[in-house]
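Q: Sharing a structure with you now.
Every read-out reported here was derived from the displayed coordinates using simple, explicitly stated rules and does not represent laboratory data. Computed from a prediction, not measured in an experiment: that's the story for all the values here. Every residue, glycine as well, gets a Cβ built from its backbone with ideal geometry; the counts of neighbours run over all protein chains shown.
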Amino acid sequence: MPIISVRDLVVEYAGRRVLDGLNLDIEPGQITVLLGGSGSGKSTLMRQILGLERPKSGSIFIKGTDITRCSQAELKKVRRAIGVAFQSAALFNSLSLEDNVALNLREHTELAPSIIDLIVWMKLAVVGLANFGKLHPQELSGGMKKRAAVARAMALDPEILVLDEPSAGLDPIVGAELDELIVFLKHTFQTTALVVTHEMR
């Protein structure tokens, strides 16, 4: 059974049809790349899958729940299964890397601080940043910020990881390393990854 299933999706903005009857199935543990130029609708589809916008018509099933018709409480529950790493990394400059990764753990769990600290260290270690937890985002390179965003997105062990333009603004070597990280997460944690990008490597 697909973990994400899009059926006959139609999205319009100001009368202009951006997505017209789109169908898509993503299986558990699969890496799916949405590749397209500016205005192709890939970011629109990402926002739809995240439940940030409602379509004109069609359905989007996440783990069997149609998020186009469910309640806000159900949508909130579904979103717990999704981790998002945004294009800008969206890290808080006022917080250390450790605190950025710990945010969702502190907000959405009742884990003891010592357990949260351990989980944060593990997530940073997975992305190769175990020794940089005390630094603030402005002290990191572009590639390190992207890795930190992935660590934060993985904090709650989501089944689905959505990455928005993960290699944008990075040199080819650093971008390739990030691609390798995504593959590593798939093989190690059976994470389903949805990668939105305008670049083909």
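Q: Would you work out which of GLY142, GLN72, PRO166 lies farthest towards the positive end of the dipole of the chain? Charges go on Cβ: Lys and Arg +1, Asp and Glu -1.
A: Farthest along the dipole direction, towards plus: GLN72.
Q: If contacts are Cα pairs under 8 angstrom and at least 6 residues apart, what is the relative contact order of the chain in percent?
A: 26
Q: To the nearest 20 debye, what charge dipole does the range 4-197 have about its Cα centre, counting +1 at the Cβ of each Lys and Arg and -1 at the Cβ of each Asp and Glu?
A: Using Cβ point charges on Lys, Arg, Asp and Glu, the range 4-197 gives about 480 debye.
Q: For every helix of n ≥ 4 consecutive DSSP H residues, a contribution of -39,500 (n - 2.57) applies; sum these over the chain, divide by its total residues, and give [θ] at 222 nm rounded to the nearest 500 deg cm²/dmol.
A: Value at 222 nm, helices only: -11000 deg cm²/dmol.
Q: Based on the Kirkwood radius over alpha-carbon pairs, what is the Stokes-Einstein translational diffusion coefficient of the chain at 25 °C with 0.890 mPa s viscosity, in µm²/s?
A: Estimated via Stokes-Einstein, D reaches 140 µm²/s.
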